[in-house]
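The values are calculated or read from the model by the stated rules, or taken from the named source; none is laboratory data. The structure displayed is predicted, hence computed values, not measured ones. Cβ: placed from backbone, ideal geometry, glycine included. Neighbour counts: every protein chain shown.
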């Protein structure tokens, strides 16, 4: 099989950093080629070089595409030749319809007048190809993330794609949506479309990839051909991090105490539609020193449940009782919830977790300003001591505590969010997808922090869509589906199959 | 994603020292103010910094500076207030009616007016903070409403003159306790005290930062900075003292500037306002009562608008229906020239003050040089655009 794309000796430097150092990549026609590597390994930079975001001349090395050396100066140059990239952060306009988004910048128009009939029929055909059952007039804002991803792919298909690049397409998708997407990639492959898949999720890669290239610190470490020999995940991980990860989850001897927090009959309505329950009669408890997992598919109502506990940050018509140490507790506002020692670290770091334009130091102290102030006057000495302390303890990698939070990598941002809540000194910590979009090394560090919190006698409620993570970290797991708790299992008896089965069974019973 | 990071636990690096480029960004505003001062000093053949003109500059710009302090908080919180000019005009009219027609004394009038200002701010802030109506719209309505009410209260006429005690608010000077000297000794002494306070605070901050291992300027740069600041304060104080001393308004202004600098930099409420403007949702989820905070910034703005209205009325010695027209533009421009971000979360009190003086000195300098009011507006508009462009350019580069 011949190569559709060859990148030779790509080197790209930014002031002070060598982002790519002599990277070589060969993608054969018609294959699904996975690129793996930790955050900051240079995967996205490499794709930006390929697609012309970094124009020819701003890097060294050669790009040979379809047998010719190419000098892309803009994204339009590479798109013209069928190289389409779908970025990690979706580039859709929420207030426009699916059809308008699919043909954005590529409108089906004659003399500037849009031919809506053509637009609609072509969109319908494209949506059928990607398996999205929605009318083309639907506004994108009404779609979930999984469906939005499919719209992006439909948009790519509308442009005669030959080489499709997906940058962490499943990062924000749940398991079933991810599977749909992977199936789709295989279907495209059957039609002769070559794909490059950038991902953190090794199980997905082993499912679909024909070959794998591992990047580390801006250099190619190894390329595997999966068809020649089966590749073990351990081998890939070893290549990614440059050392063996004996165990992806740190060991811990749980010391579980009395019940710390308990909710009974907790129900919540949708924040805009009163009467539409998204959380239904939940009974749940968390003991001291216990890490409790909350599993479920996306849309199961886990985040809504957690946020409604946290000072009614979500929902309306919230009913039910909550007790802390056996005493009824008033959680009617966020300051009250924090005051009672409850913390909620959000899944959406950028929009809900951090003030991105502020320094690490200011973010860490934000939830407990009284702790660094006397009579409302901030003691900046104490503030910088606190920030330095957490930076060291949680190994936040930054120039110093005055670095702007928006310039940190995902893992380090997550550590800042955790620092903020640790400094608020909670008794119960609710972590919503604490490792989303974070590389394996940083994940391990986050797990270690979570374990340490439990060892200090705090209760932890951890929401995650990655089942192996829940199984690896939690002492007990609740499973949530369509607003209800459908199962509860101890670590010893829990397994991925069991969790999945309880979700499916609940779905069958409901229908 | 483009920065290399390895998974091994690398020890935290040593704090880096701020670069020259960082300095340029931080002090760019002061540098441009200096350039403008020197430019007009040359163009006016030294008239700009004559003690008389310097005193005028302070008097002419005091109300803009005072409103800019409130506007900065509003802008940092992520909002805007277009009504400040109308509110200032309305409060001036109210003061005139109370003092001239009802013969209320000046203290009672001032207190009532400040309370009214706060109430106006509260009325607007209520819709903005609790009903989530965009501040642009609420205060646009307020701009019309209070301009109209100003006309109603004055019945379309000018009302004046004010009692002499009230005029002192704007045209008075600190009395000299030592008589017989050509210089105003009290004013000079106060200037020296202020200089010492600035140096002392600078040193204290430096020592604290050093103790906590936070990055800071080199000793040379710090010395230079403090030295230049001391010379400027002393120089201006001396010039003012050689005329009639420190104007009362200047004292009010300095106290307010110090207060608002302190509040924004060192108090929890200041920090919360920055967090609110930087990311409202994150601030709310961190336990900050964002609605109440936004409400309070508007109450504060109302009080400061009222104070500015009083000062402006006292300065003209009459309340006119036109008083305060287009003040909001100067005030907002001052904040943006001073580096505040239109999207909230960024801005400094000192920046807004400098911005106000950039505008003020240009007004004053161009008037002395004889540039017509038409071209003055063109030039001021271009300077505003240039200042913000420079700031955005710098931010993108870093």
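Can you tell me which residue in region A:345-357 is farthest from residue B:273 (Cα to Cα), limited to those that are outside any helix (DSSP H, G or I) and at the interface with chain B (Cβ under 7 Å from one of its Cβ atoms)? Steps first, please.
Step one: filter region A:345-357 for residues outside any helix (DSSP H, G or I), giving A:345-348, A:354-357.
Narrowing further to those that are at the interface with chain B (Cβ under 7 Å from one of its Cβ atoms): A:346, A:354-357.
On the way: A:346: 21, A:354: 15, A:355: 12, A:356: 15, A:357: 13 Å.
Only one residue fits best here, namely A:346.
Put simply, of B:264, B:297 the only residue that is under 30 Å from residue A:426 (Cβ atoms), within 18 Å of the chain's Cα centre (by Cα) and surrounded by 24 or more Cβ atoms within 10 Å (Cβ to Cβ) is B:297.
Those strands (runs of 3 or more DSSP E) of region A:215-288 in which 2 or more residues are within 14 Å of chain B (Cβ to nearest Cβ) occupy A:219-225. Among strands (runs of 3 or more DSSP E) entirely within region A:1-82, having at least 1 residues that are touching a helix residue (DSSP H, G or I) at 6+ places or on another chain (Cβ under 9 Å) and under 30 Å from residue A:398 (Cβ atoms) singles out A:3-14, A:17-28, A:32-36. Within region A:7-45, the residues that satisfy the criterion of being under 27 Å from the mean Cα position of the chain (by Cα) and at pLDDT 90 or above are A:23, A:25, A:27, A:31, A:32, A:33, A:34, A:35.
Criterion first (farther than 30 Å from residue A:440 by Cβ, more than 8 Å from chain B (Cβ to nearest Cβ) and in contact (Cβ under 8 Å) with a residue 60 or more places away in the chain) does residue A:325 satisfy it? Judged against the criteria, residue A:325 is a match.
Scanning region B:366-385 turns up one or more residues that are out of contact with any strand residue (DSSP E or B) (no Cβ under 7 Å at 6 or more places or on another chain) and more than 28 Å from residue B:52 (Cα to Cα).
Can you list the helices (runs of 4 or more DSSP H) lying wholly within region B:276-357 that have 2 or more residues being free of Cβ contacts under 8 Å to residues at least 24 places away in the same chain? Step through it out loud before you land on a result.
Values: elements: B:280-285, B:290-316, B:327-337.
Here the list reads B:280-285.
For region B:255-275, how many residues meet the condition of being under 24 Å from residue A:336 (Cβ atoms) and facing chain A (nearest Cβ under 9 Å)? Even if it seems obvious, please write down each step before you answer.
Taking region B:255-275 as the starting set, the residues that turn out to be under 24 Å from residue A:336 (Cβ atoms) are B:267-275.
Now restrict to residues that are facing chain A (nearest Cβ under 9 Å): B:267-272, B:274-275.
Qualifying residue count for the region: 8.
Listed conditions (1) in contact with a strand residue (DSSP E or B) (Cβ under 6 Å, 6 or more places away or on another chain); (2) part of a helix (DSSP H, G or I); (3) surrounded by fewer than 20 Cβ atoms within 10 Å (Cβ to Cβ) are all met by residue A:417, apart from (3).
Please verify whether residue B:226 is away from every other protein chain (no Cβ under 14 Å) and surrounded by fewer than 17 Cβ atoms within 10 Å (Cβ to Cβ), treating the condition exactly as stated. Break it down stepwise before answering.
On the way: away from every other protein chain (no Cβ under 14 Å): yes; surrounded by fewer than 17 Cβ atoms within 10 Å (Cβ to Cβ): no.
So residue B:226 fails the test.
Yes/no per residue for (1) within 13 Å of chain B (Cβ to nearest Cβ); (2) in contact (Cβ under 8 Å) with a residue 40 or more places away in the chain:
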{"position": "A:5", "(1), (2)": "no, yes"}
{"position": "A:19", "(1), (2)": "yes, yes"}
{"position": "A:52", "(1), (2)": "no, no"}
{"position": "A:55", "(1), (2)": "no, no"}
{"position": "A:58", "(1), (2)": "yes, yes"}
{"position": "A:68", "(1), (2)": "no, no"}
{"position": "A:74", "(1), (2)": "no, no"}
{"position": "A:82", "(1), (2)": "no, yes"}
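Kindly provide the set of residues from region A:400-427 that are farther than 27 Å from residue A:331 by Cβ, without any contact (Cβ under 8 Å) to a residue 60 or more places away in the chain and in contact with a helix residue (DSSP H, G or I) (Cβ under 9 Å, 6 or more places away or on another chain), ordered by number. Across region A:400-427, the qualifying residues are A:400, A:401, A:402, A:403, A:404, A:405, A:406, A:408, A:412.
At the interface with another protein chain (Cβ under 8 Å from one of its Cβ atoms) and in contact (Cβ under 8 Å) with a residue 12 or more places away in the chain, is that true of residue A:338? So that I can check it myself, show each step before the final result.
Details: at the interface with another protein chain (Cβ under 8 Å from one of its Cβ atoms): yes; in contact (Cβ under 8 Å) with a residue 12 or more places away in the chain: yes.
Yes, satisfied.
Conditions tested, residue by residue: (1) surrounded by 20 or more Cβ atoms within 10 Å (Cβ to Cβ); (2) within 21 Å of residue B:304 (Cα to Cα).
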position: B:329; (1), (2): no, yes
position: B:332; (1), (2): yes, yes
position: B:335; (1), (2): yes, yes
position: B:338; (1), (2): yes, yes
position: B:346; (1), (2): no, yes
position: B:358; (1), (2): yes, yes
position: B:374; (1), (2): no, no
position: B:381; (1), (2): no, no
position: B:392; (1), (2): no, no
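Here is the figure for region B:276-292: residues that are surrounded by fewer than 22 Cβ atoms within 10 Å (Cβ to Cβ) and either under 17 Å from residue B:69 (Cβ atoms) or at the interface with chain A (Cβ under 7 Å from one of its Cβ atoms) (or both) total 3.
Given the structure, is residue A:349 in contact with a helix residue (DSSP H, G or I) (Cβ under 9 Å, 6 or more places away or on another chain) and at positive phi? No: the conditions fail for residue A:349. Test each condition in (1) at pLDDT 90 or above; (2) within 10 Å of chain B (Cβ to nearest Cβ) for residue A:407 and report the one that comes out false. It fails just one condition, (1). The set of residues in region A:101-115 that are touching a helix residue (DSSP H, G or I) at 6+ places or on another chain (Cβ under 8 Å) and either over 25 Å from residue A:168 (Cβ atoms) or in a loop (DSSP other than H, G, I, E, B) (or both) comprises A:103, A:104, A:107, A:108. Scanning region A:366-398 for residues that are crowded, with 18+ Cβ neighbours inside 10 Å, more than 8 Å from chain B (Cβ to nearest Cβ) and at pLDDT 90 or above turns up A:368, A:372, A:383, A:386, A:387, A:390.
Out of A:166, A:92, A:127, A:185, one residue alone is under 22 Å from residue A:78 (Cα atoms) and assigned to a helix (DSSP H, G or I). It is A:185.
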